[in-house]
Amino acid sequence: PDILDKHISQTKELNLKYKQNFVTIGFGTLNFVNPDMDQYAYMLEGFDKDWIFVGKKREAVYTNLDPGDYKFVVRAMNSDHEWSKVPAFIYISITPPWYGTLFFKVVLVIFLIGFILLFTYLRTQQLHKQKIALRNTVHEKTNELQSKNEQLQAANTLLIDRQKTLEQQAKEIMAQSSKLEDNNTELQSLNATKDRLFSIIAHD
């Protein structure tokens, strides 16, 4: 009753949910002359590739049908070995779950595209910020190195000046040392003369 609103013989289309994918269909003929001689063949279009001959069996069973549209067709052969000219059929439609619908797939694709675009945009912004930060850091380091280089150059100039001053002072010291040696020699000569003079005076 929750599937059929009228008898199966009067139903042309059967709508099932995705969980109702275990389907058993019974069929038979209104042949009252040698009904045991009747044979059957059926096919589920969209699932079976060819007719399935089941002999006297009057039941078709399908399990785990995927969501989609099918057409179940059955025909019978009487005791005279004549197949029914107009087979019986019923359309079967199994609705997919909400996550298997086209709408959900479209929304999922849009969401994935949006996520990829957002991720790409955020990643690009992050790389741009990192590039700016790296450029600023390089600029600061360059300025710092340039300042240190200028300080080193100034210190080097000062050292050169001091070296020149020290060299000049060394020359002056050497000159004074040479003058002192001359004075010392002269003083020693005067002392020697004085000693001889005192010696002569003392002798006299």
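The values are calculated or read from the model by the stated rules, or taken from the named source; none is laboratory data. A quick note: this is a predicted structure, and the numbers were derived from the prediction, not measured. Cβ: placed from backbone, ideal geometry, glycine included. Neighbour counts: every protein chain shown. Heavy atoms of the whole protein, side chains included, go into the accessibility calculation; ligands, DNA and RNA do not. Shrake-Rupley method; radii C 1.70, N 1.55, O 1.52, S 1.80 Å.
At the residue level, Tyr99 shows approximately 120 square angstrom of accessible surface with a 1.4 angstrom probe and all protein chains present.
If you sort Ile201, Ile160 by accessible surface, 1.4 Å probe, largest first, the order is Ile201, Ile160. With the simple model of a label 7 Å out from the Cα in the direction of the Cβ, Gln176 to Asp36 spans 14.9 nm.
Would you kindly calculate the mean projected area, averaged across all directions, of the convex hull enclosing the Cα atoms of the chain, in square nanometres?
Details: hull surface 124.1 nm².
Computing the convex hull of the Cα atoms and averaging its projections yields 31.0 nm².
At a Förster radius of 25 Å, what calculated FRET efficiency corresponds to the Cβ-Cβ distance of Gln10 and His81, to the nearest 0.05? Computed FRET efficiency for Gln10 and His81: 0.25.
Applying 1/(1 + (r/R0)^6) with R0 = 45 Å to the Cβ-Cβ distance of Lys131 and Ile110, what FRET efficiency is obtained, to the nearest 0.05? Walk me through the numbers before you get to the answer.
On the way: r = 31 Å, r/R0 = 0.69.
That pair, Lys131 with Ile110, gives E of 0.90.
Using only the alpha-carbon atoms, how far is helix 102-203 inclined from the longest principal axis of the chain? Give it as 0 to 90 degrees, nearest 10. On a 0 to 90 degree scale, this one is about 10.
Distant-in-sequence amide contacts of Ala88, defined by a placed amide H-H separation under 5 Å and a gap of 5 or more residues or a different chain, comprise Val74. Simple rule: put +1 on each Lys or Arg Cβ and -1 on each Asp or Glu Cβ in the range 88-159, find the dipole, and look at Gln151, Ile90, Gly114; the Cα lying farthest toward the positive end is Ile90. Identify the residues of the range 1-15 with backbone N under 20 Å of a label point that sits 7 angstrom from the Cα of Asn21 along the Cα-to-Cβ direction, or state none. 3, 14-15, by backbone N distance to the label point. Electrostatic tally near Trp98: other residues with Cβ closer than 14 Å to its Cβ, Lys and Arg +1, Asp and Glu -1, net +3.
Projected label points at Thr124 and Thr142, each 7 Å from Cα along the beta carbon direction, are separated by 2.7 nanometres.
Evaluate E = 1/(1 + (r/R0)^6) for Asp48 and Leu117, where r is the Cβ-Cβ distance and R0 equals 41 Å; express this FRET efficiency to the nearest 0.05.
Working: r = 44 Å, r/R0 = 1.08.
Efficiency at R0 = 41 Å is approximately 0.40.
Just to confirm a number: summing +1 for Lys and Arg and -1 for Asp and Glu over residues other than Lys179 whose beta-carbon lies under 12 angstrom from that of Lys179, what do you get? Combined, the nearby Lys, Arg, Asp and Glu give -4.
Looking at the chain, the accessible area is 83 square angstrom per residue; that uses a 1.4 Å probe and ignores ligands, DNA and RNA.
Based on DSSP H runs of at least 4 residues, each adding -39500 (n - 2.57), what is the mean residue ellipticity at 222 nm of the chain after dividing by all its residues, to the nearest 500 deg cm²/dmol? Spell out each step's value before the answer.
Working: 1 runs with 102 residues, N = 204.
Calculated mean residue ellipticity at 222 nm is -19500 deg cm²/dmol.
Of the residues Lys85, Lys164, ranked by 1.4 Å probe accessible area with the largest first, the sequence reads Lys85, Lys164.
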